[in-house]
Structure formats: structure tokens, C-alpha cells
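Colleague: Got a structure for you, questions after.
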Amino acid sequence: MRPIGLAFLIALACALGASHEAAAQPVSVGNVTAVARPAHYSGPCPGVVTLTGTISTSAPTTVSYRWERGDGSVGPVLNVHVGSAPRVVTTTWRLGTPAKVVHASARLRIFSPGDVYSSEASFTVACGGVKEPTPVD
């Protein structure tokens with residue numbers, strides 16, 4: 001075998017090995033956020049709050065997730081494809097008791113890939129025209 005042929009084969013083997021290692025990297029969740037809108041609801045019961053989550057990953061993949069509420073209840077596990085851009089997922093929560101202020105929260109939990117949680121999205125619901133107490137500094 002000529003020396004140039006051997007050098008070419010070594011270079012080719014290294015290139016193939018490097019591309020195989022790059023392809024073998026597992027997909028991971030880059031960022032998960034959750035936001036509640038409105039953060040403060042005042043009006044008739046039930047109050048409706050929209051929870052919006054944003055999921056980003058290191059490469060396109062299918063993500064399994066669910067919404068988890070601060071009161072311990074959970075939504076169904078859902079699957080969504082996340083491409084090169086972050087994916088937005090939403091759900092709504094209807095809650096409230098007449099003449100009472102309810103403080104609540106929810107977060108987004110990712111099951112796959114990995115096991116990742118967003119920070120909690122906190123909000124208040126004041127039904128029946130009750131005003132939320134003014135914070136004292």
C-alpha cells in the first residue's frame with residue numbers, strides 16, 4: 001500500500017469516528033419555563049388562568065411532559081415534538097371560591113428526555129370582586 005493511501009485511510013477512519021461520536025450525543029432539555037397569565041385575577045368565579053410553558057432542547061426530539069399544580073393535582077402526560085426552535089405548550093386552570101382569594105401555582109415537568117422541572121408559576125385568583133390584600137413593606 002502506498003503511504004498516501006494509508007494516510008487517507010487513517011484520516012477517513014478518524015473523520016468517521018468523530019462524526020459517530022457527535023451523533024451519539026444524547027438529546028437534552030436546554031430550558032423549561034412556566035408563566036401564569038394573568039398573575040392576579042379579580043372577577044367572577046371561576047377565574048381562568050392560562051399557563052404557558054416553553055421547552056427547548058439541544059436537538060430536535062419528542063418531549064414527554066405534564067403540568068403539575070401546587071395543590072398536588074397533575075395533568076395527563078403529553079408528547080410534543082420540539083424542533084430547532086423552542087416549543088410553547090399551554091393549559092388553562094379554572095378555579096376560585098366566591099369572596100375568597102386563592103393563591104396557587106403550577107410548574108411544567110419534563111419526563112423525557114431527562115427529568116426536568118420549570119420554576120413555579122405563581123398566581124392569585126380573587127373571585128366575586130374581592131380585592132387581594134395590599135402588601136405592606
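Colleague: Give region 28-81 a look and list any residue that's free of Cβ contacts under 8 Å to residues at least 24 places away in the same chain, of a type in the set (Gly, Ala, Ser) and surrounded by fewer than 16 Cβ atoms within 10 Å (Cβ to Cβ), or say none.
Modeller: Once the filter is applied, which keeps residues that are free of Cβ contacts under 8 Å to residues at least 24 places away in the same chain, of a type in the set (Gly, Ala, Ser) and surrounded by fewer than 16 Cβ atoms within 10 Å (Cβ to Cβ), region 28-81 yields GLY72, SER73.
Colleague: While we're here: For region 82-109, enumerate the residues that are surrounded by fewer than 17 Cβ atoms within 10 Å (Cβ to Cβ) and touching a Pro at 6+ places or on another chain (Cβ under 7 Å).
Modeller: The answer is GLY83, SER84, ARG94.
Colleague: Output the residue which, of all residues in region 71-130 that are part of a strand (DSSP E or B) and of a type in the set (Lys, Arg), is modelled with the lowest pLDDT.
Modeller: Residues of region 71-130 that are part of a strand (DSSP E or B), as a first pass: 74, 78-82, 87-95, 101-112, 116-117, 121-127.
Checking which are of a type in the set (Lys, Arg) leaves us with 87, 94, 107, 109.
Details: ARG87: 97, ARG94: 94, ARG107: 98, ARG109: 98.
Here the residue is ARG94.
The values are calculated or read from the model by the stated rules, or taken from the named source; none is laboratory data. Computed from a predicted model, the values in this text were never measured in an experiment. Heads up, the Cβs are rebuilt from the backbone with ideal geometry, glycines too, and the neighbour counts pull from every protein chain shown.
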